[in-house]
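Since the structure comes first, as structure tokens, the remarks are kept for the end.
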Amino acid sequence: MEQWVTKEDVFAARERLEADHEGWERPVAFAVGRLRGGDLRFPWVNRPGALHALPAIVLARALGHVRGTAAHDLPVDRLREAVEALSPAEACTGFDHPNLFAWRDLLAELEDTDRFVAVFVADLTDPAVDDRDVAFRRAIGG
């Protein structure tokens, strides 16, 4: 399995993935959330100014998201795909990998009724697209 051992490896992988995702525009914030029993929780949020760009492009590619503010249903198989695609970055000890660990935890704690959502916010001035986006913006303090 490919591993990205250095920060430079991680940056190069991100650049390659972004270049190969036609029309890609980085969001200012994003996260994966779990809906369980009517309660939507985001175990890790990527806030404006603290964006983790590699997980953003990995998640976007798994979903086919290119740009803009959106809330997507995130099927379990797509979340697994994103975890697998992001896993080579774990070899780089220069980063903490909070998205990867949060996403793995979501999968490890998966219950039959759980549903996942991915929210991308392109610009904080964009109107919220739905209640999932509203919940995410509350989570980032917006």
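The values are calculated or read from the model by the stated rules, or taken from the named source; none is laboratory data. It should be emphasised that the depicted structure is a prediction, and the values quoted were computed from it without experimental measurement. When we count neighbours, we look across all protein chains shown, and the Cβ atoms used for this are built from the backbone with ideal geometry, even at glycine. Surface areas here come from the heavy atoms of the whole protein model, side chains and all, with no ligands, DNA or RNA. Shrake-Rupley method; radii C 1.70, N 1.55, O 1.52, S 1.80 Å.
Here is how the numbers come out for the structure above:
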item	result
³J(HN,Hα), Karplus 6.51/-1.76/1.60, whole Hz, each residue of the range 100-114, x for Gly, Pro	4, 5, 5, 5, 4, 4, 4, 5, 5, 9, 4, 10, 4, 8, 5
Inter-centroid distance (Cα atoms) of the range 52-90 relative to the range 96-142, Å	11
Magnitude of the charge dipole, the chain, Cβ model with Lys/Arg +1 and Asp/Glu -1, debye to 20	340
Per-residue HN-Hα couplings for the range 18-27 [Karplus 6.51, -1.76, 1.60; θ = phi - 60°; Hz; x = Gly/Pro]	5, 5, 7, 10, 3, x, 4, 10, 4, x
Gained length - Phe11 relative to Asp114, 0.36 nm times residue gap less alpha-carbon distance	33.8 nm
Relative contact order of the range 9-50, defined on C-alpha pairs under 8 angstrom at six or more residues apart (%)	30
Answer label, with Cα extents along the principal axes in Å calculated from the coordinates and candidates (i) 63, 50, 27; (ii) 39, 34, 25; (iii) 47, 28, 27	(ii)
Mean accessible surface per residue for the chain, computed with a 1.4 Å probe while every protein chain stays in place, in Å²	53
Surface share of carbon and sulfur [accessible, 1.4 angstrom probe, percent] for the chain	48
